[in-house]
Amino acid sequence: MPLRLPLPLRYLLQASGPTAGRVLLLSLLFQGLHRVLGEQLPHLPLKVPLVLGGALLLLLALATRRATSRWRVARCSWGSIVCDARGLVLQFANLVPLAARDHSAAGSALRTLAYRQMAWGYCLGRSLRGLDPLATLAPYLSAGELAGLRGHTNKPLALLALHAAQLRALTEQHVLHPVQAAQLEATVGRLRAAMFRVQRLRRTAPAEFTAWRWGYGSAYLLLAALSLSLVPAIGLWEMPVLLLTAAGLFGLARTTRARHDPFGHQPSHRPITVLARTVTQALREVLWETEPPQPAAVYE
């Protein structure tokens with residue numbers, strides 16, 4: 001998530017280091033050509049790089065707006081996931097009578113549902129980050145459920161399917177009224193819709209990165225045109241001007257690109273593991289667990 005902290009020097013060096021080296025080589029190339037060719041070097045009016053720069057900045061502004069929109073969708077989707085995950089277990093605890101919870105058919109239904117919902121948050125977060133979704137689920141699921149998940153490609157969706165199967169079984173056993181089951185299934189449906197939204201954002205991220213390659217090529221074309229225009233006019237002062245222009249341009253582009261995929265490991269990405277742990281703590285309080293086992297360590 002975005003933090004109100006000054007940018008660290010390490011981040012600035014990582015963002016501008018390789019680019020500054022390429023831009024410096026480009027500047028030295030045109031400086032050498034100017035010394036060798038002199039007046040034979042084609043003269044490019046300054047208006048040409050200004051027009052190219054204006055067009056590139058317009059495209060960068062549109063990309064920044066789109067990246068911010070994707071990040072906002074990810075934020076709202078995870079906000080609804082956190083609310084509905086806690087609401088599902090609270091609904092179940094309120095709708096199932098206390099006498100039914102002690103019945104043999106539904107003795108551990110509330111705990112099973114709550115722990116499966118805890119596992120769903122970690123499973124979805126790890127799948128979005130390209131990690132093993134089942135690596136941290138052993139404390140929350142039974143051995144049978146874990147074995148069944150291994151055969152599914154979309155494991156978070158399989159966990160929601162287990163929710164639906166449990167609600168259907170409790171309805172058939174007359175533990176839940178059909179109207180109550182419909183309310184719970186509506187909450188599961190909202191969780192499923194939010195899951196599909198964040199998964200779609202994750203799947204479309206590689207296509208966005210392909211478009212960025214063309215943007216970087218256009219930026220280097222702009223810098224080459226700017227260097228060709230400034231070398232005859234200001235000589236060696238062209239180097240710092242070109243480096244500062246490249247630093248601002250590529251720095252903004254790197255920050256915008258990082259927000260196109262909101263589920264990575266950068267400070268600007270969503271802290272999905274922290275959110276899943278928050279849900280876990282809230283659900284354990286619903287179960288009145290005073291000293292629950294600690295979840296397995298995962299990346300924040």
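As a calculated quantity, the FRET efficiency between Lys47 and Ile234 at R0 = 22 Å, using C-beta atoms, amounts to about 0.85.
Sorting Trp288, Trp120, Trp71, Trp237 by the number of Cβ atoms found within 10 Å of their own Cβ, with the fewest placed first, yields Trp288, Trp237, Trp71, Trp120.
Under conditions of 4 °C and 1.567 mPa s, the range 19-286 yields 58 µm² s⁻¹ as its translational diffusion coefficient, taking Rh as the Kirkwood radius over Cα pairs in the Stokes-Einstein equation. Calculate, for Thr255 and Arg200, the FRET efficiency according to 1/(1 + (r/R0)^6) with r their C-beta to C-beta distance and R0 25 Å; round to the nearest 0.05. Result of the calculation: an efficiency of 0.60.
The gain in end-to-end length when the Ala143 to Thr278 segment is fully stretched comes to 46.1 nm, 0.36 nm per residue minus the alpha carbon separation.
Figure the gain on full extension for Ala182 and Thr68 (residue separation times 0.36 nm, minus the Cα-Cα span) and round it to one decimal in nm. Walk me through the numbers on the way to the answer.
Details: separation 114, 0.36 × 114 = 41.04 nm, distance 3.57 nm.
Length difference between fully extended and current span is 37.5 nm.
For the pair Leu29 and Leu221, the difference between a 0.36 nm per residue extended length and the Cα-Cα distance amounts to 67.7 nm.
Read the figures in this text as sums done on the coordinates, not as results from a lab. These figures come from a predicted structure and were not determined experimentally. Neighbour counts are summed over all protein chains in view; Cβ atoms, including those assigned to glycine, are modelled from backbone coordinates with ideal geometry.
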